[in-house]
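Structure first, commentary second.
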Amino acid sequence: MRWEQMNSKISVLIPAAGAGHRMGTSIKKPYLILDDKPILSHTIDLFENNSAIDEIYVIVNNADFDICNEIVIVPYHYKKVRELIAGGETRQISVYNGLSALSNDVEYVIVHDGVRPFLEEKIIFECLAASEKWGAAVSAVPVKDTIKVANKEHFIHHTPDRNTLWRVQTPQVFRKSLLVEAYETAMKTGITVSDDAALVEKLGNPVKLVMGSYKNIKLTTPEDIQIAEIWHNNRI
């Protein structure tokens, strides 16, 4: 059964509150223009146009509410965007703020970076299907390069087996009750992590890796923007 035929209510949280220092521009990453449209708008489109999605919450810096509404939300007349959520000092706090805004009838939550506009629809459905079975699923791709683990002096400590290493992306999809439990546990214990799946891992719950796409990059540096422009110009 396809997800658009099911009755589960699915909400999307799009964190876009980061400072984006690595981009080296005065304009924050979500508001940079790609093909005459803000990057964040391209990302919202992925879920606005997906029939399985019921609602979208965009998480931005409190100081960016006006610009986000002005250039990202209002011009495109989104029907599924419910509201802007104020982000926190870290991504973890920002996602928790978004999670706290969801209604009790939401069954599944998708978390997707605001600056990953090249996500394929099939990955969304595959992550949803895996999360129904396992409670948690994340998009990821096998690493291509050999990875070295270094010590504090930057000497190689050891070389892990590349066949066991995956580069995690978003979307990350969870049964809402599981993600709430993971975040509330983290808040009580002071655990800090760099992605949502890590919090669920710490509960001992399995997290399924779903094959993502090497094209599903997070636009973080000027070089990433150049790649994104080439892809858009050539409609790859």
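Descriptive notes on the structure:
- Those strands (runs of 3 or more DSSP E) of segment 51-165 in which 3 or more residues are surrounded by fewer than 20 Cβ atoms within 10 Å (Cβ to Cβ) occupy 81-86, 156-158.
- Here segment 28-50 is the region considered, the condition is being on the phi < 0 side of the Ramachandran plot and not in a helix (DSSP H, G or I), and the residue that is modelled with the lowest pLDDT is Lys28.
- For segment 171-194, the count of residues that are at pLDDT 95 or above, surrounded by 11 or more Cβ atoms within 10 Å (Cβ to Cβ) and among the acidic types (Asp, Glu) is at least one.
- Qualifying position, being modelled with pLDDT of 95 or more, in a strand (DSSP E or B) and surrounded by 12 or more Cβ atoms within 10 Å (Cβ to Cβ), among Val200, Val168: Val168
- Flag if Val141 is of a type in the set (A, V, I, L, M), in contact with a Lys or Arg (Cβ under 9 Å, 6 or more places away or on another chain) and in contact (Cβ under 8 Å) with a residue 60 or more places away in the chain: yes
The values are calculated or read from the model by the stated rules, or taken from the named source; none is laboratory data. Here the structure is a predicted model, which is why all the values come from computation and not from measurement. Neighbour counts are summed over all protein chains in view; Cβ atoms, including those assigned to glycine, are modelled from backbone coordinates with ideal geometry.
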